[in-house]
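The values are calculated or read from the model by the stated rules, or taken from the named source; none is laboratory data. The structure displayed is predicted, hence computed values, not measured ones. Using ideal geometry, Cβ is built from the backbone for each residue, glycine included, and neighbour counts are taken over all protein chains shown.
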Amino acid sequence: MNLLGIDLNNKEAVLCLMSVDNGLFNVKECRTRGIELRKGDTSEGIQGFQFQIKKLIEDYKIDRVVIKQRMTKGKFAGSANSFKMEAAIQLIEGLEVELISNTDIKETLKRNPLEYQMKDLELRQFQEPAFNTAYCYALRQL
């Protein structure tokens with residue numbers, strides 16, 4: 001199963017590509033670490049973002065996209081652009097998208113701590129939330 005873990009922030013979808021085969025996790029090389037939403041206030045900008053995500057999913061034969069859920073209210077609430085990006089991803093026809101809450105991720109990582117650092121996996125530190133999202137989803141499926 002090929003997974004794409006996504007962490008959405010104000011202007012970018014940070015990505016981590018992972019495959020799971022017989023209980024083995026493999027972080028895969030990806031042509032980009034993130035896709036930026038350039039013009040979130042126009043339909044062309046959102047459609048462009050959606051096209052880039054869709055093309056990446058087709059090229060890497062992604063089976064499922066897993067997005068780290070953002071809060072809707074409070075101090076740590078997600079931005080309007082992050083919710084636009086989420087909607088654009090969810091509306092890609094034929095794509096299975098799951099949302100995982102930060103609480104679920106923390107609990108899963110507490111029960112199954114990682115023995116590796118992001119640099120050991122050849123990921124940048126800012127990709128850690130995207131990796132954790134995909135990793136926790138994969139663990140829940142096993």
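Data table
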| quantity | calculated |
| --- | --- |
| Residue under evaluation Glu93, criteria (1) of a type in the set (Asp, Glu); (2) in contact with a Phe, Trp or Tyr (Cβ under 7 Å, 6 or more places away or on another chain); (3) in a loop (DSSP other than H, G, I, E, B), criterion not met | (2) |
| Count - residues of region 1-48 that are part of a loop (DSSP other than H, G, I, E, B), in contact (Cβ under 8 Å) with a residue 40 or more places away in the chain and among the polar types (S, T, N, Q) | 2 |
| Lone unmet requirement of (1) acidic (Asp, Glu); (2) at pLDDT 95 or above; (3) in contact with a strand residue (DSSP E or B) (Cβ under 7 Å, 6 or more places away or on another chain) for Asp59 | (3) |
| Of all residues making up region 69-80, the number that are without any contact (Cβ under 8 Å) to a residue 40 or more places away in the chain and surrounded by 11 or more Cβ atoms within 10 Å (Cβ to Cβ) | 3 |
| For Gly48: the one exception among (1) surrounded by 11 or more Cβ atoms within 10 Å (Cβ to Cβ); (2) under 16 Å from the mean Cα position of the chain (by Cα) | (2) |
| Matching residues in region 51-68 - criterion: being surrounded by 14 or more Cβ atoms within 10 Å (Cβ to Cβ) and more than 23 Å from Leu121 (Cβ to Cβ) | Gln52, Lys54 |
| Residue in region 5-15 that is in contact with an Asp or Glu (Cβ under 9 Å, 6 or more places away or on another chain), of a type in the set (Gly, Ala, Ser) and modelled with pLDDT of 95 or more present | yes |
| Hits in region 102-113 (condition: of a type outside the set (Val, Ile, Thr) and either at pLDDT 95 or above or outside any loop (DSSP other than H, G, I, E, B) (or both)) | Asn102, Asp104, Lys106, Glu107, Leu109, Lys110, Arg111 |
| All positions within region 64-88 that are within 16 Å of the chain's Cα centre (by Cα), assigned to a helix (DSSP H, G or I) and either over 23 Å from Asn2 (Cβ atoms) or of a type in the set (A, V, I, L, M, F, W, C) (or both) | Asn81, Ser82, Phe83, Lys84, Met85, Ala87, Ala88 |
